[in-house]
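A.B. asks: Handing you this structure, nothing more for now.
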Amino acid sequence: MTQGSFAISIARGARAIVVGLLTFVAFAGCKKKQAGGPPPNFPAQVVLVEAKRQPIAETLALVGSLAANEMIELKAEAEGVIADILFQEGQAVKKGDLLLRLDESKWVAGLAEAEANLKISETTFERNKQLLRDRLVSQQEYDQSAAIFQAHHASVELRRRMLQDARVLAPFTGVVGARQVSPGQVITKDTTLTWLVDAAVIKAEFNVPERFIGELKMGQHMDLNVAAFPKEKFHGEVYFIAPNVDNELRTVLVKARIPNEKRLLKPGMFANLDLTLQVRDSAVVIPETAVMLSGQRASVWIQGKEGMAELRFVELGLRLPGQVEVVSGLTGGEKVVAEGTQKVTPGKPLKAAPVPGPAASTNAAPVAKTAPSGE
């Protein structure tokens, strides 16, 4: 082969390669065009949930202890020997019921003596009053008889009061506790006879951190649970807020009353409480999965005009179980993307997918619990 023939062969081979490459590119282009993706405005299938307006409550989780509405340690006002015990342990009694009586013989005798002296002094006083009118006694004699009469009258009243001290009456309606004495026992004023407890209403006592003082109000609602009755929920309301803050604990003492008709709650019990700080009757609530966070800013995708995706910046409020309150940026009735946010871009059409379950619903009235230790 000559040099010229060799050059012609190389040129023909090069042309064949170029033609082959162009054919491959054209074929690949045709295939790509045939197997291409959807048009740019193909709808994104997402889960849309309506932002609902509903009542929500912010509560503060606390611990406290229970106390009786009234509870006293019964003691006698006099010293003596117990004559009768007129109550049974655990008995319900009414105010004024006689519970215990001491031997009254010495007080009865003392009262009889005082009444006899009063009668004599009264007779002398009345006689001297008449004699003074007739100018038969001096003013001094009359004054002395009047003073003696008044002294004996006071002595009778004192003896009657001492006789009353020999009896122990129920100071209020309640239930008697365990008996601590027996008939015939000599007691003093410091001897504990029994206890009287009024538990028809129970008081819950708890301490609230000072940072929540501004949200405390009289009459606030409170829910309570105790370990003894885990399935029971008790309700009460605040009736006392201490006027001062504890210097060491930095808390304020709060008390609430809980009706206790069934007598399930006992004084001294430990309790878990949820104090309702505030209630909003018409808050905007959306699923928590709809919120996208970027630093301190929160945003959601909403279905805007003509079903197109629109990014909306929002301000969040209370955190709820699976939900969140939107303070600003949304109104009730707008639809947000609860699932599938990664598919959405501004202006992209949105197609509603079936809601996976009741978790996306916001019809309930949730409660946001705040732990007092969380700053």
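The values are calculated or read from the model by the stated rules, or taken from the named source; none is laboratory data. Computed from a predicted model, the values in this text were never measured in an experiment. As a convention, Cβ positions derive from the backbone with ideal geometry for all residues, glycine included, and neighbour counts pool all protein chains shown.
A.B. asks: List pairs: first in the stretch 257-273 and in contact (Cβ under 8 Å) with a residue 40 or more places away in the chain, second of a type in the set (Phe, Trp, Tyr), Cβ under 6 Å, 6+ apart or cross-chain?
C.D. replies: Every condition considered, the pairs that remain are Arg257/Tyr239; Ile258/Phe234; Leu273/Phe206.
A.B. asks: For the stretch 275-305, name all the residues that are farther than 14 Å from Val336 by Cβ and either in a strand (DSSP E or B) or in contact (Cβ under 8 Å) with a residue 40 or more places away in the chain (or both).
C.D. replies: Leu275, Thr276, Leu277, Gln278, Val279, Arg280, Asp281, Ser282, Ala283, Leu293, Ser294, Arg297
A.B. asks: Sticking with this structure for a sec: Looking only at residues that are in a strand (DSSP E or B) and of a type in the set (Asp, Glu) in the stretch 306-321, which one is nearest to the chain's Cα centre (by Cα)?
C.D. replies: Initial filter on the stretch 306-321 (in a strand (DSSP E or B)): 308-320.
Pick out the ones that are also of a type in the set (Asp, Glu) and you get 310, 315.
On the way: Glu310: 41, Glu315: 28 Å.
Here the answer is Glu315.
A.B. asks: Examine the stretch 149-162 for a residue that is in contact with a strand residue (DSSP E or B) (Cβ under 8 Å, 6 or more places away or on another chain) and in contact (Cβ under 8 Å) with a residue 60 or more places away in the chain, and state whether such a residue exists. Show your work before the answer.
C.D. replies: Within the stretch 149-162, the first condition is being in contact with a strand residue (DSSP E or B) (Cβ under 8 Å, 6 or more places away or on another chain), and the residues that meet it are none.
Checked the stretch 149-162: no residue is in contact with a strand residue (DSSP E or B) (Cβ under 8 Å, 6 or more places away or on another chain) and in contact (Cβ under 8 Å) with a residue 60 or more places away in the chain.
A.B. asks: State which residue is surrounded by the most Cβ atoms within 10 Å (Cβ to Cβ) when the search covers only the stretch 274-285 and only residues that are at pLDDT 90 or above and over 27 Å from Phe234 (Cβ atoms).
C.D. replies: Ranking the qualifying residues of the stretch 274-285, first place goes to Val285.
A.B. asks: Looking at Leu224 and the list (1) outside any strand (DSSP E or B); (2) outside the structural domain of Leu320 (by TED's automatic domain parsing), which single condition is not satisfied?
C.D. replies: With respect to (1) outside any strand (DSSP E or B); (2) outside the structural domain of Leu320 (by TED's automatic domain parsing), Leu224 is out only on (1).
A.B. asks: Looking at (1) modelled with pLDDT of 90 or more; (2) assigned to a loop (DSSP other than H, G, I, E, B), which one does Ala109 not meet, given that it meets all the others?
C.D. replies: Going through (1) modelled with pLDDT of 90 or more; (2) assigned to a loop (DSSP other than H, G, I, E, B) one by one, Ala109 breaks only (2).
A.B. asks: Please verify whether the stretch 164-173 includes one or more residues that are under 27 Å from Ser105 (Cβ atoms), modelled with pLDDT of 95 or more, hydroxyl-bearing (Ser, Thr, Tyr) and not in a strand (DSSP E or B).
C.D. replies: Within the stretch 164-173 (the criterion being under 27 Å from Ser105 (Cβ atoms), modelled with pLDDT of 95 or more, hydroxyl-bearing (Ser, Thr, Tyr) and not in a strand (DSSP E or B)), the answer is no, since none of the residues qualifies.
A.B. asks: In the stretch 50-97, which residues are outside any strand (DSSP E or B) and surrounded by fewer than 17 Cβ atoms within 10 Å (Cβ to Cβ)?
C.D. replies: Our first condition is that a residue be outside any strand (DSSP E or B); within the stretch 50-97, this holds for 51, 75-79, 86-91, 94-97.
Within the stretch 50-97, Lys75, Glu77, Glu79, Leu86, Gln88, Glu89, Gly90, Gln91, Lys94, Lys95, Gly96, Asp97 meet the criteria.
A.B. asks: Only one residue in Gly214, Gly177 is surrounded by fewer than 16 Cβ atoms within 10 Å (Cβ to Cβ), under 30 Å from His235 (Cα atoms) and either at pLDDT below 95 or touching a strand residue (DSSP E or B) at 6+ places or on another chain (Cβ under 6 Å) (or both), so which one is that?
C.D. replies: After ruling out the rest, the residue left standing is Gly214.
A.B. asks: Still on this model: For residues that are within 37 Å of the chain's Cα centre (by Cα) and either at pLDDT 95 or above or assigned to a strand (DSSP E or B) (or both), tally how many sit in the stretch 181-211. Write out each step before concluding.
C.D. replies: First, the residues of the stretch 181-211 that are within 37 Å of the chain's Cα centre (by Cα): 192-211.
Keeping just the survivors that are either at pLDDT 95 or above or assigned to a strand (DSSP E or B) (or both) gives 192-209.
Residues meeting the conditions: 18.
A.B. asks: State the number of residues belonging to the stretch 253-273 that are surrounded by fewer than 19 Cβ atoms within 10 Å (Cβ to Cβ), in a strand (DSSP E or B) and either at pLDDT below 95 or of a type in the set (A, V, I, L, M, F, W, C) (or both).
C.D. replies: 2
A.B. asks: Still on this structure, please answer the following. With respect to Leu100, determine if the residue is hydrophobic (A, V, I, L, M, F, W, C), at pLDDT 95 or above and either under 30 Å from Gln150 (Cα atoms) or outside any helix (DSSP H, G or I) (or both). Full working, then the answer.
C.D. replies: On the way: hydrophobic (A, V, I, L, M, F, W, C): yes; at pLDDT 95 or above: yes; either under 30 Å from Gln150 (Cα atoms) or outside any helix (DSSP H, G or I) (or both): yes.
In short, yes.
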